[in-house]
Structure formats: structure tokens, C-alpha cells
Amino acid sequence: MCRLFALTSRDPISPMRAIEALNVMKEGHDGSGVGLYLNGLGGPFEEMKENPVLSGIFTEEGLRRLDEYMTDHGFKAKYSLLYNPEQEPPAGTPERGTYAAIAYHLPQGWKNLSEEKRGRKLVEMRLELRKRGQETGDMMVFSFWPDTIMIKEVGDPLEIGHYLKLDREELKARRILAQGRQNTNYAINLYACHPFFVEGVCTMTNGENTAFVPIKEYLQSRGVTGYTGYQSDSEVFAHIAHFTTKKLGLDISSYKHIITPLSDEEMEGHPDREFLMNLKRSCRKLIIDGPNCVIGCLPGGSMFMVQDRKKLRPGVVGGKDGIYAFSSEICGLNAAIPDRDRTKDFQPMHLDTAIVGPDCKEIVQCSQKDQLPLQR
């Protein structure tokens, strides 16, 4: 199994705080890798919220080809955070080159594009760069989106944190998702490392998804740019969250009604029974088969946790005004926020969705038995 840890904070904090919590939970993951999602960036990125940030790993030739590609598409770098480790990598970690996060000015022709079209073009560029890098092995691109950095590497999370100097001011963020483990169901591949991201929606998962193939095939049939890749069976959780919120226009509290719908008997007497029955029928191929615990982050900064019906993967949410954590284990939560009121910790059960908004004031608890929000 792996372990998950996420932080949402009113003020930017270091990703090392999340990695140190993963280290406390080390008995629950194999130390084979780490993946990080950073959003609500602080430091020099604080004033660049509208500028797309490209993050990945590049050889010297890869950086040259990246610069050529971006120039050809009318993009000019506004700020570059480049790090080429001088010390030897930890045991098991390949020596790769430059870890980069580069913020770009939008081309003049993009200024009047709709948000939807601009987002689609950013995804298309990310996927094209990924394809070019896979062909030559000189670049890996994990994200290309405003106010977002993703970092992935093979090796022990704490050792990688020190190796990449992740405690730097430039990498502080308000929302951090961290997973400790490389994908070990298939070949080691950084594109298979959680978290997974598409158009501002990011998730990571502890568990396995035996319904992966029909879910993947259904998503690929939707004609949505970005529903591709699938180096891991958990990547579909990010795409289902995107489909739920971006394509169906539903609140995240409806996510569980798609991945783990109520039985027909449980829907009897539900105030939204007719809608939920139609949703279950139309999205039946997105029903998961766990066990799974999913933690995710949405555009706008809300963070959430859900469990499947088997409830065989742990998860807890807790914190205090200004900072909350989502953790696979209580010990990780205790390490990151020791001075919280522990009586207010919440462990979502199979009907629940736990949500903390960007204001970081409280845990909102939603049940599948509740009436759905009006907007849909």
C-alpha cells in the first residue's frame, strides 16, 4: 500500500511539512517514490496567478527543445525556477538533469480566448511535449497550468525532499498533495506516480481500481482533451472528478454518487431520487470497485476526501483555523498539526465526502443521503 498526505493552509507553507508527515507513516509505504502537487503558490509565483507554469524534468537538450517549442508557440518565459542537483542522488534515484518550474507570459493571441478554450490549448501543449519527451527521453512534463507545480521522483520521500531542497521559499504553497510510493503494479514510470492532474483538478489514491478498463474506455469515448495516458489505474479518479465538476457541472458532493452510487433501495425516499437514478444509469461505467481512499483538490482551492463502500483504506481529516490536513493515518496528522482539537477530527465513512474550502475554517461533511446542492 501507499500513504497519502495533503495540507490546505491559508498561508503558504513548505512541502517538506507534508513529506515529513509521510515519513512518520513510513511503515505504510515502501519508500519507492514521491509525488507532489503544489497549488496556491507563494514566493515569486505569488504575483503570477494567471501565468501558466510548466513543471517537469529536462536534460540539457530537453531544455533547449522546450525553449524552441515554447518560442514557436509565442510563449516567453516570465520566471524560471531551475534546479540541477550538485550532490549524488539518493540510492535508487536516477541522475536526470534539471528539475524545472517555468512561468510563461500568455501569447497576445490567447488573451481573448474563453477560459475553456485556453484550458484545452494548455492541455494539448502539455500532451504534445510529453509525447515528444517520451520519444527522445530528454523531457518529462507533469503539468502546464496557472498557479500549479508538480514534482515526481523515484526514491525515499524524505531523502528526495532533501536532495531537491524542497524547503526553498520558492516552493511554498497553500495546497499540497503528497503521496509516498511509486507505482508498483506496473513498470516504474514517473507518469504513473500520483498525484494526477487535469485542468485544475488533482487527485491521489490509496488502493486499487479493478474496474479500471471499462472506466478508462468510457472516459476516452467522451472526446475530452486530457483523458489519456493511463499509466496507472488510479489516474481515472482525477478524470472522473474533472468530468463530474467540469463537464456535468455538478458539485463535488456529487462525485460519490457517480463512483459509488446508492443502491436502488437506498435511494427510496431520497429527495433527489429521480435525478440520482438517471445519474446512476448514465454514468454506470464510472462506478469503481475498490478498496480506495481518494484525496483531491479542485479549481478554486477546495480539498476533499472520499472512501469507497468497502472502506478498507484509512483516511482522516483534522486541523485548526487556518490549516487542515488530510491523512492516511492519525500519526501523520499528529505530526503535521499537533495543536489541533482532536475531538473534531473526521474519518469519512462510505457515504461521506469531507471538504475543506480555501478559507480553511472548517470541515464540511456531506453524506450521500443529503439533498444535493441546487446548482447542477
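FYI, it's all coordinate maths here, none of it is from the lab. Computed from a prediction, not measured in an experiment: that's the story for all the values here. Every residue, glycine as well, gets a Cβ built from its backbone with ideal geometry; the counts of neighbours run over all protein chains shown.
Annotation for the range 95-148 versus the range 186-263: alpha-carbon center distance of 20 Å.
Each part reduced to its alpha carbon centroid, the range 292-333 and the range 1-61 end up 15 Å apart. Angle check, please: helix 60-72 long axis (alpha carbons) against the longest principal axis of the chain (alpha carbons), in degrees 0 to 90, nearest 10. Orientation of helix 60-72: about 80 degrees from the principal axis. Extension gain for residue 287-residue 331 works out to 12.7 nm (0.36 nm per residue, less the C-alpha to C-alpha distance). What pairs from 26/246; 256/361; 111/172; 247/344; 26/78 go past 30 Å between their alpha carbons? Violating the 30 Å Cα-Cα cut-off are 26/246; 247/344; 26/78. Across the chain, Cα-Cα pairs more than 30 Å apart make up 35 percent of the total.
Counting only Cβ charges, +1 for Lys and Arg and -1 for Asp and Glu, the dipole size of the range 255-376 around its Cα centre is about 320 debye.
When peptides 84-90, 166-172, 302-308, 321-327 are sorted by average Cβ neighbour count within 10 Å, with the highest value leading, the order is 302-308, 321-327, 166-172, 84-90. Sorting 104, 218 from the fewest to the most surrounding beta carbons within 10 angstrom yields 218, 104.
By definition, a body whose alpha carbon gyration tensor gives a ≥ b ≥ c is oblate when a/c is 1.5 or more and a/b is not larger than b/c, and the range 32-76 fits this oblate description. Shape annotation for the range 137-227: C-alpha extents along the principal axes are 42, 30, 29 Å, from largest to smallest. Between the Cα long axis of helix 115-136 and the first principal axis of the chain there is an angle of about 60°, rounded to the nearest 10.
Seen against the Cα atoms of the chain and their longest principal axis, helix 273-282 is set at about 50 degrees.
Label zone of residue 365 (point 7 Å out along Cα→Cβ, amide N under 16 Å): in the range 292-319 this covers 305-307, 315-319.
Can you give the FRET efficiency to the nearest 0.05 for residue 80 and residue 263, using r as the Cβ-Cβ distance and R₀ = 45 Å? My answer for the efficiency is 0.30. For residue 322, the shell of other residues with beta-carbons less than 10 Å away shows a net charge of 0, using +1 for Lys and Arg and -1 for Asp and Glu.
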